[in-house]
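Undergrad: I'd like to ask you about the structure that follows.
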Amino acid sequence: MSGRLRKSLIISTSFLLLSFGSMLLLAIYLLQQASSQSAKDAWAQAQSSIEFQLFLNAETISENIHNHIQRAIETPELLALMASKTVEKSEQLSRNQLKTLVAEALRANPVANAAYIHFEPDAYDGADKCHRGNLEHSSHDGTLEIYWVRQPSALQFYATPDPDFKYQQQPDAFGQSESEWYLCPSNTRQRCITAPFWWQLEEGVQVQLMSVTLPILVGDKLLGVAGVDLNMPEFNTSISDFIRPLYGGNVRFFLLTEDARLLASNDFPGRVGESLSEVSSVITSILAQSEQRIFTQNGQDYLVERLELDILNKRWQMLLLIPQHILLNEFTQARADFTKLSMRNMTMLILSSGALILITMAIALKYLHRRERMLNQSQAELELILRAAPTPISVAHLEQGNFILQKVNQAWLAKFGFADKQSAQEAFADFALWSSETDKTRLMQQIAQDGQVTNFIVWLKQREQHEFLAEVSATLIAAEAAPLLVMVYDDISDHYALQCQLLAVNDELEQRVQARTQELQDTINTLAQTQQELIQSEKLAALGNMVAGIAHELNTPVGNAVMAASRLKADYRTLVAKTKTGLTKSDFENFLVQSHDSTEILDRNLLRAAELIRSFKQVAVDQTSLQRRPSYLHEILDDVLLMLQPSIRKSGHSVTVQQPELPILLDTYPGPLEQVYF
């Protein structure tokens, strides 16, 4: 093992032993500090845990109460839906059938104590007159009034003689209308729940109830009200069942209305329906102090939790008093167990750390021996690879700001013409390898800045002063003693020569291409000029043919005009001669008739000739001047057909132009359009 490795191992071992001793002292100190800090941290964690547990339990209580009210309201929802739909479709059940339906709905709902359905006059079947006095399902006035109550043995139907009882607004002892169960859904057209009230079923029998009702509507018309009654003692029992599983049944609860009337409580189950101020002044004071979180009574500390409940049209409030020792017992035990476990874990950690240090030292010794063998083997392999490499490679190390050549391979010696490494080291130190010191400085600066350089092209010199172009790649490697510079030299002189030849060939080829391009351009210009001359010749030939056709067309009207003029002239001479010998009336009338025919022929043919000349002139002007002017489409077509008439006639065809009643006026260039038609 080398001396450096042995020294490193001794230093590492000493450091580990010192760290182990310091860790033992620190562990003892931390254990002492942990005992004092544990109480503070435990209480903070307890507060967080308690708050979260209270939140979950409050959510559970709220959901259970909402579900209980929802189960109660399912029955009136069903009754209201059945009644409204049957009335809307005029398919009402009979009153006896509806009475049976209410009873069955109550029997199916264990939450409700009573179920009822009450209608406005003539709102259900319009047959109130037919059922007056029939108290089996109607009042004395015949209105439909059905009220079923659950008794211990069976359901009992209670008749409603007076239909006006549901409109009475006299307030009870708490200021609540006696008929709020009917008036609230009737006025608001919403689902309603009442505060607790006393109801007299029959003489000497009173029960405390809470009603859940909703209106029976067809469109905007109120038919009546459907609802159920909740027995307050049974309701108190249900709420107690919801809260009993929490905290081992030791929670004191008070469910209150908006005006602080007691709906349910496990402290005062027999006082349900009364105001909290009459039941307990102590609980009333807690309710008034919304910020109070801790309440002490009879040496027992309670945590106060408040819960708001939106139930239909009411807002209830729940007050929970939870014994504080119940909340902290589990956490206190958990803290003790945690402290015990922490001390045991700390002891195990210390022992494990000591064992780990010993094992690490043994592994380190074995690793250092193995590393030294592998390092020697790697150095031998690298030396072999360096010598066998076909590309020139040099390795230099940095010493006092200069790179000193350390190793070169045979390819490097052969390329630069050195016999041994000694002479090569002198040449490398004197920078005799570089043709330009500027290139050498630039290369070294880039290596110092980036740590490497790739494909740096530079001119180098051999020992015989022959220069060659090389592509140099270098990498600066951090070594234990000093940075190493590994450089690879790739001779690209032949490639450079070939590239120069390729550039020369490209230049020559480019000149040939330019000359050939100029010849092609001259040929193209000559062809273009010849093409223009041919086009002009074709135009002149077409013009000659057209002029010949026009001349032929003009010969007919002009010849006819000349013939008519000659005949008119002969008739005139005859008339003059007869005036000398004796002119008769018949001779003069014959002259007038023949003169009229001759002038008609003359006028018609001269107009025909003039039209031909005008069309020819207009077409010529349009095709030469290229002027834009307003023109009727049929006039352009007529001019073209007039010019082409000789050719059309020779072909044996005829052309017919169909045009709309209103002529088409174009603002265009007639010349090009006529050329298209030609």
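The values are calculated or read from the model by the stated rules, or taken from the named source; none is laboratory data. All of these numbers come straight from a predicted model, not from anything done at the bench. Neighbour counts run over all protein chains shown; Cβ positions are idealised from the backbone, glycine included. When the accessible area is computed, the model is the full protein with side chains, heavy atoms only, and any ligands, DNA or RNA have been set aside. Shrake-Rupley method; radii C 1.70, N 1.55, O 1.52, S 1.80 Å.
Residue by residue, here is whether (1) open to solvent by 80 Å² or more (accessible area, probe 1.4 Å); (2) in contact with an Asp or Glu (Cβ under 7 Å, 6 or more places away or on another chain); (3) aliphatic (A, V, I, L, M); (4) free of Cβ contacts under 8 Å to residues at least 40 places away in the same chain holds:
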site: A80; (1), (2), (3), (4): no, no, yes, no
site: G126; (1), (2), (3), (4): no, no, no, yes
site: R132; (1), (2), (3), (4): yes, yes, no, yes
site: S139; (1), (2), (3), (4): no, yes, no, yes
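Undergrad: Checking the structure you have, find out if any residue of region 109-120 is open to solvent by 60 Å² or more (accessible area, probe 1.4 Å) and part of a helix (DSSP H, G or I).
TA: no
Undergrad: Take the conditions modelled with pLDDT of 80 or more, open to solvent by less than 70 Å² (accessible area, probe 1.4 Å) and part of a helix (DSSP H, G or I) and apply them to A497. Does it pass?
TA: Here the answer is no, as A497 does not meet what is asked.
Undergrad: Turning to a different aspect of this structure: On the basis of being within 29 Å of L554 (Cβ to Cβ) and over 60 Å from the mean Cα position of the chain (by Cα), does D587 make the cut?
TA: In short, no.
Undergrad: When you look at R191, is it surrounded by fewer than 21 Cβ atoms within 10 Å (Cβ to Cβ), closer than 17 Å to W181 by Cβ and of a type in the set (D, E, K, R), yes or no?
TA: Taking the combined requirement at face value, the residue satisfies it.
Undergrad: Scan region 436-448 and report the pairs whose first residue is surrounded by fewer than 11 Cβ atoms within 10 Å (Cβ to Cβ) and whose second residue is not aliphatic (A, V, I, L, M), with Cβ atoms within less than 7 Å and a gap of 6+ or a chain change.
TA: E437/F431
Undergrad: Would you say S277 is part of a helix (DSSP H, G or I), under 18 Å from W316 (Cα atoms), open to solvent by less than 40 Å² (accessible area, probe 1.4 Å) and at pLDDT below 90?
TA: The answer is no for S277.
Undergrad: While we're on this one: Are any residues in region 169-185 touching a helix residue (DSSP H, G or I) at 6+ places or on another chain (Cβ under 9 Å) and farther than 17 Å from T75 by Cα, and if so, which ones?
TA: Selection gives Q169, S177, E178, S179, L183.
Undergrad: Moving to a separate point now. Taking the options G299, G204, G248, name whichever one is surrounded by fewer than 15 Cβ atoms within 10 Å (Cβ to Cβ), at positive phi and within 53 Å of the chain's Cα centre (by Cα).
TA: Residue meeting the stated conditions: G248.
Undergrad: Tell me, yes or no, whether region 163-172 has at least one residue that is of a type in the set (A, V, I, L, M, F, W, C) and under 25 Å from S275 (Cβ atoms).
TA: The answer is no, given that none of the residues of region 163-172 is of a type in the set (A, V, I, L, M, F, W, C) and under 25 Å from S275 (Cβ atoms).
Undergrad: What number of residues in region 174-188 are over 9 Å from L214 (Cα atoms) and open to solvent by less than 10 Å² (accessible area, probe 1.4 Å)?
TA: 1
Undergrad: Return yes when L320 is open to solvent by less than 30 Å² (accessible area, probe 1.4 Å), closer than 22 Å to F174 by Cβ and either assigned to a helix (DSSP H, G or I) or touching a residue at least 24 places away in the same chain (Cβ under 8 Å) (or both) and no when it is not.
TA: Answer is no for this residue.
Undergrad: Output yes when any residue across region 92-108 is farther than 20 Å from F197 by Cβ, open to solvent by 70 Å² or more (accessible area, probe 1.4 Å) and among the hydroxyl-bearing types (S, T, Y), and no when none is.
TA: Checked region 92-108: at least one residue is farther than 20 Å from F197 by Cβ, open to solvent by 70 Å² or more (accessible area, probe 1.4 Å) and among the hydroxyl-bearing types (S, T, Y).
Undergrad: Let me ask another. Which of (1) modelled with pLDDT of 85 or more; (2) open to solvent by 80 Å² or more (accessible area, probe 1.4 Å) does T517 not meet, given it meets every other one?
TA: (2)
Undergrad: Out of all the residues in region 151-173, is one or more closer than 23 Å to M82 by Cβ and at pLDDT below 90?
TA: The answer is yes, given that some residue of region 151-173 is closer than 23 Å to M82 by Cβ and at pLDDT below 90.
Undergrad: From the residues in region 78-98 that are among the small types (G, A, S) and closer than 20 Å to V228 by Cβ, which one is farthest from the chain's Cα centre (by Cα)?
TA: Ranking the candidates gives A83 first.
Undergrad: Go through (1) modelled with pLDDT of 85 or more; (2) of a type outside the set (S, T, Y); (3) out of contact with any helix residue (DSSP H, G or I) (no Cβ under 9 Å at 6 or more places or on another chain); (4) over 18 Å from F174 (Cα atoms) one by one and return the number of the condition D259 breaks.
TA: The single condition D259 does not satisfy is (4).
Undergrad: Among the numbered conditions (1) buried (at least 19 other Cβ atoms within 10 Å of the Cβ); (2) at pLDDT below 90; (3) under 54 Å from the mean Cα position of the chain (by Cα), tell me where S240 comes up short.
TA: (1)
Undergrad: Filter region 622-637 down to the residues that are of a type in the set (A, V, I, L, M, F, W, C) and part of a helix (DSSP H, G or I), then identify the one that is modelled with the lowest pLDDT.
TA: In this case the residue turns out to be I636.
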